[in-house]
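In what follows, a single structure is set out as structure tokens and then discussed.
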Amino acid sequence: MEIASLVVGLISLILAIYSIRVSKLNAKKQQEFEEQMEQKRKQERILEERQEQLDWKEAERRAHNNPFPITEGSFEKRVENAYKEVRSERILGRK
């Protein structure tokens, strides 16, 4: 009877140690996943900022190339309107 209780106790100890190891491994994997997601969000923000800069440059180009600039107001207003148009086209997938 004592041997059986010792074996049960030893098995319980082994299972407890195993579950602690699994918990540590899960925590490590979760932390790695969160770090990867944060890195991905940073890269997406950088790409969004870069795309916004490109959209503004395209808007300025369109404002300069407008054949009727006087009818649309100031240059800043033409650039803003062109920017809205560029963003809409990009979002809707048109070129």
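The values are calculated or read from the model by the stated rules, or taken from the named source; none is laboratory data. Please read all numbers here as calculations on a predicted model, not as lab measurements. Cβ atoms come from the backbone with ideal geometry, glycine included; neighbour counts cover every protein chain shown. These accessible areas exclude ligands, DNA and RNA; they are computed on the full protein's heavy atoms, side chains included. Shrake-Rupley method; radii C 1.70, N 1.55, O 1.52, S 1.80 Å.
Which numbered condition trips up Glu2, out of (1) surrounded by fewer than 10 Cβ atoms within 10 Å (Cβ to Cβ); (2) touching a residue at least 24 places away in the same chain (Cβ under 8 Å); (3) not aliphatic (A, V, I, L, M)?
Going through the list (1) surrounded by fewer than 10 Cβ atoms within 10 Å (Cβ to Cβ); (2) touching a residue at least 24 places away in the same chain (Cβ under 8 Å); (3) not aliphatic (A, V, I, L, M), Glu2 breaks only (2).
Confirm whether Glu44 is modelled with pLDDT of 90 or more and open to solvent by 60 Å² or more (accessible area, probe 1.4 Å).
Taking the combined requirement at face value, the residue satisfies it.
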